[in-house]
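Got a structure for you, questions after.
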Amino acid sequence: MQNNISFTSDVKREICSKEFDSISAISFLSGFVRINATYKIKNKNEILILTSYDSFIIKIILSLFEKYLSSKGSILYSEEKKLKKRNKYTLYFEDNVYEILKILKIDVFNSEIDSSLIDKQNKIYSYIAGVFLACGRVSSASSTNYHLEIELNNANLALNLQKLLNSIKNASYNFRLIKRRTKYVLYIKRSDLISSFLVMIGAVNSYISYENIRVEREFANNENRIYNLDTANYSKTINSCIAQIENIKKIERVIGIKNIDNEKIRILCEERLNNKEASLQELSNIMSKRLNTKVSRSNIYHLFNKIKQLSERL
């Protein structure tokens, strides 16, 4: 049975494993860096330092920096010799730190969350996922005490984040804020809200695992569960769309979509780029209308497999 530490770790690893586009990646990294980063000046040069006790997380963060910020860092490893011996991984960025912070919309002297990072729903979800990755904890569903918290050092930032979380539509989180010694903690205790939060930050598999255990123990709100499952399915659909678009863009770069011999594949490539969030059924309707013949949902699925195979060959 999972303990709270391992479940939190599973959630964070799943967050790191999700697909990001260039827009949501910036919001995600901004949320993580805002909470996790330490800034230093050495020989008049700025240094950005990020830490984690999970090598997987720190490697993913480095890869996202390289992909979306064109910034290369170095990872150092150390072993903490305290009561609980843990490996600590530190990621250093010593070049273009000012540009990194500028792109991520982070002002080290200002606790406001830049509006451009949270002006759309997917950007809000990504920003919160980054924050949770940096300082969040969640109890396992096997625990009798349902609890999810975000622990912060800055009171103003905690208030701004509380306002953002409690303003999310269709959620009704009502995050509470308390001071715990020198920390400011945002928390929720309702199990259905914790489930909803896991879906929101992209931890869909963790949500399903959490729900399976929770449902065995208590009667849950059926309407809310259906809403969360629908959102989870939507998240999986979006991830599939991102992968399909990447395959199509690769084909366009190498040979050009117009040079694809198969008419259905060529048209499907065009329609997917024009309808980036359309479901397979919606694409089926679009293709049927354009080709003036029935193109089934399963046919669309098989065509995307062929597009994937073509991309991999290229």
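The values are calculated or read from the model by the stated rules, or taken from the named source; none is laboratory data. Being a predicted model, the structure only gives us computed values, none of them experimental. Using ideal geometry, Cβ is built from the backbone for each residue, glycine included, and neighbour counts are taken over all protein chains shown. The protein model used for the area step is the full one, side chains on, heavy atoms only, and it has no ligands, DNA or RNA in it. Shrake-Rupley method; radii C 1.70, N 1.55, O 1.52, S 1.80 Å.
Between a first residue in the stretch 111-125 that is over 15 Å from Ile238 (Cα atoms) and part of a loop (DSSP other than H, G, I, E, B) and a second residue that is of a type in the set (Lys, Arg) and open to solvent by 20 Å² or more (accessible area, probe 1.4 Å), which pairs have beta carbons less than 6 Å apart while being 6 or more apart in sequence or on different chains?
If the second residue must be of a type in the set (Lys, Arg) and open to solvent by 20 Å² or more (accessible area, probe 1.4 Å), the pairs left are Asp114/Lys105.
Do we find a residue being open to solvent by less than 40 Å² (accessible area, probe 1.4 Å) and assigned to a strand (DSSP E or B) anywhere in the stretch 35-43?
Taking every residue of the stretch 35-43 in turn, none turns out to be open to solvent by less than 40 Å² (accessible area, probe 1.4 Å) and assigned to a strand (DSSP E or B).
Among the residues of the stretch 247-261, which ones are in contact (Cβ under 8 Å) with a residue 40 or more places away in the chain and assigned to a helix (DSSP H, G or I)?
Once the filter is applied, which keeps residues that are in contact (Cβ under 8 Å) with a residue 40 or more places away in the chain and assigned to a helix (DSSP H, G or I), the stretch 247-261 yields Asn247, Ile248, Lys250, Ile251, Val254.
Lys72 fails exactly one of the following numbered conditions: (1) touching a helix residue (DSSP H, G or I) at 6+ places or on another chain (Cβ under 7 Å); (2) surrounded by 15 or more Cβ atoms within 10 Å (Cβ to Cβ). What is the number of that condition?
With (1) touching a helix residue (DSSP H, G or I) at 6+ places or on another chain (Cβ under 7 Å); (2) surrounded by 15 or more Cβ atoms within 10 Å (Cβ to Cβ) applied to Lys72, the lone miss is (2).
All but one of (1) under 22 Å from Phe28 (Cα atoms); (2) in contact with a helix residue (DSSP H, G or I) (Cβ under 7 Å, 6 or more places away or on another chain) hold for Asn154; which doesn't?
Only one criterion in (1) under 22 Å from Phe28 (Cα atoms); (2) in contact with a helix residue (DSSP H, G or I) (Cβ under 7 Å, 6 or more places away or on another chain) is unmet by Asn154, namely (2).
For the stretch 299-311, give me each residue that is touching a helix residue (DSSP H, G or I) at 6+ places or on another chain (Cβ under 8 Å) and either of a type in the set (D, E, K, R) or farther than 15 Å from Ile245 by Cα (or both).
Asn299, Lys306, Lys308 - these are the residues of the stretch 299-311 that are touching a helix residue (DSSP H, G or I) at 6+ places or on another chain (Cβ under 8 Å) and either of a type in the set (D, E, K, R) or farther than 15 Å from Ile245 by Cα (or both).
Taking Asp95, is it surrounded by 13 or more Cβ atoms within 10 Å (Cβ to Cβ), acidic (Asp, Glu), out of contact with any helix residue (DSSP H, G or I) (no Cβ under 7 Å at 6 or more places or on another chain) and not in a strand (DSSP E or B)?
When the stated conditions are applied, Asp95 passes them.
Let me ask you something else. Is at least one residue of the stretch 161-181 open to solvent by 20 Å² or more (accessible area, probe 1.4 Å), closer than 26 Å to Ile58 by Cα and either out of contact with any Ser or Thr (no Cβ under 6 Å at 6 or more places or on another chain) or not in a loop (DSSP other than H, G, I, E, B) (or both)?
Scanning the stretch 161-181, I find no residue that is open to solvent by 20 Å² or more (accessible area, probe 1.4 Å), closer than 26 Å to Ile58 by Cα and either out of contact with any Ser or Thr (no Cβ under 6 Å at 6 or more places or on another chain) or not in a loop (DSSP other than H, G, I, E, B) (or both), so the answer is no.
Count, please, the residues in the stretch 140-160 that happen to be part of a loop (DSSP other than H, G, I, E, B), open to solvent by less than 20 Å² (accessible area, probe 1.4 Å) and touching a strand residue (DSSP E or B) at 6+ places or on another chain (Cβ under 8 Å).
Total satisfying the criteria: 0.
Does Lys59 qualify as being farther than 19 Å from Asn154 by Cβ, assigned to a helix (DSSP H, G or I) and touching a strand residue (DSSP E or B) at 6+ places or on another chain (Cβ under 9 Å)?
yes
Within the stretch 262-298, can you find the residues that are assigned to a helix (DSSP H, G or I), closer than 16 Å to Ser240 by Cα, open to solvent by 40 Å² or more (accessible area, probe 1.4 Å) and in contact (Cβ under 8 Å) with a residue 12 or more places away in the chain?
Leu273, Gln281, Arg297
With respect to the numbered conditions (1) under 22 Å from Cys16 (Cβ atoms); (2) open to solvent by 50 Å² or more (accessible area, probe 1.4 Å), which one is the sole condition not fulfilled by Val199?
(2)
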